[in-house]
Amino acid sequence: MQELEEFIVVSGKIETATMEVSTTQKFIGRGSHKGKGLAVLTSGGDSQGMNAAVRSVVRMGIYLGCKVYFIREGYQGMVDGGDNIEEANWSSVSSIIHRGGTVIGSARCTDFMKREGRVKAAYNLVTRGITNLVVIGGDGSLTGANLFREEWAGLLDELLENNKITKDQREKYKFLHIAGMVGSIDNDFCGTDMTIGTDSALHRIIGAIDAIVSTAYSHQRTFIMEVMGRQCGFLAVYTALCTDATYSFICEDPAPINWEKKMCTKIAEARI
Ligand SMILES: Nc1ncnc2c1ncn2[C@@H]1O[C@H](COP(=O)(O)OP(=O)(O)OP(=O)(O)O)[C@@H](O)[C@H]1O
Ligand SMILES: O=P(O)(O)OC[C@H]1O[C@](O)(CO)[C@@H](O)[C@@H]1O
């Protein structure tokens, strides 16, 4: 271990800090995974930042020497195969970092919820030599990814039994490696401080509310804003705090029976 002195800016002042850095740190070498098949997909609700994540995966994969593929339209593209699985190159991810949504498409896919669909997806990966998969999506997408990884050996056995793949393919592609990146505006994934897209979603919501608030004050009106979040009240709570909302509803804390009266009292108080 070696001691390093660094300058860190804290509240505008320059202070000296000392930290220990391992001198044996290893970096993944260029071309160190040459020839491996790596695919990336985005799944579930789209979120700002998915494109930046896709770009990083593609460029890092190319740097490592992998054959990198886009899977379009989330799990649906993986189940359907064909043109949905397309080789990517360095320039396929140029000029996408600032764009909203996901350039490779996303979907909610019922076929992948069934084993039959996952068998088809496994076939589409194996026949392209893909055994490394990056899934960018929310809790549902990553639950699906984990299930797919757990079932992988069984899925290949089924393909072999039905003569869809050869014994060599069964052996060569016996391991599926999965990496999940939590892309969801909902911020509902444990162990992740803030999921990809949450901050941008909040930013948009606050911008919209700031614009509406001027009308609310000018005309003594009350506006009800519905924000996204499915089963997670994170966006609603942070919006309520940041905009000083008079009342908020979140699914984790259902409204009391007499909420109408309480809310009207609060609104009346806020107008005095
Ligand atoms: N238990 C599961 N088994 C297999 N696949 C699943 C499972 N749950 C979800 N999926 C797959 O992942 C897709 C996306 O899941 P879901 O609609 O829950 O969105 P999400 O990934 O949670 O994203 P968001 O947070 O943006 O809603 C589903 O349409 C389905 O294809
Ligand atoms: O219209 P759908 O497909 O149900 O998706 C809406 C949901 O997806 C999300 O945008 C992302 O999960 C949620 O915030 C929202 O409630």
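The values are calculated or read from the model by the stated rules, or taken from the named source; none is laboratory data. Given the structure is predicted, the values throughout are model-derived calculations rather than measurements. Glycine also receives a Cβ, built like all others from the backbone with ideal geometry; neighbour counts cover every protein chain displayed.
Of the residues making up region 191-220, those that are in a loop (DSSP other than H, G, I, E, B) and within 11 Å of ligand 2 (Cβ to nearest atom) are Thr195, Gly197. Of the strands (runs of 3 or more DSSP E) entirely within region 1-93, those holding at least 3 residues that are among the aliphatic types (A, V, I, L, M) and at pLDDT 95 or above occupy 37-42.
The residues of region 221-244 that are assigned to a loop (DSSP other than H, G, I, E, B) and buried (at least 19 other Cβ atoms within 10 Å of the Cβ), listed by number, are Val227, Gly229, Cys232, Gly233. Of all residues in region 140-149, those being farther than 14 Å from Ala107 by Cα and within 6 Å of ligand 1 (Cβ to nearest atom) number 2.
Could you please let me know if Ser248 is under 26 Å from Gln48 (Cα atoms), of a type in the set (S, T, N, Q), over 24 Å from the mean Cα position of the chain (by Cα) and more than 14 Å from ligand 2 (Cβ to nearest atom)? When the stated conditions are applied, Ser248 passes them. Checking each residue in region 38-56 for being β-branched (Val, Ile, Thr) and more than 20 Å from Asp199 (Cβ to Cβ) picks out only Val40.
Quick check: anything in region 113-134 within 16 Å of ligand 2 (Cβ to nearest atom), under 21 Å from the mean Cα position of the chain (by Cα), surrounded by 21 or more Cβ atoms within 10 Å (Cβ to Cβ) and modelled with pLDDT of 95 or more?
No: region 113-134 contains no residue that is within 16 Å of ligand 2 (Cβ to nearest atom), under 21 Å from the mean Cα position of the chain (by Cα), surrounded by 21 or more Cβ atoms within 10 Å (Cβ to Cβ) and modelled with pLDDT of 95 or more.
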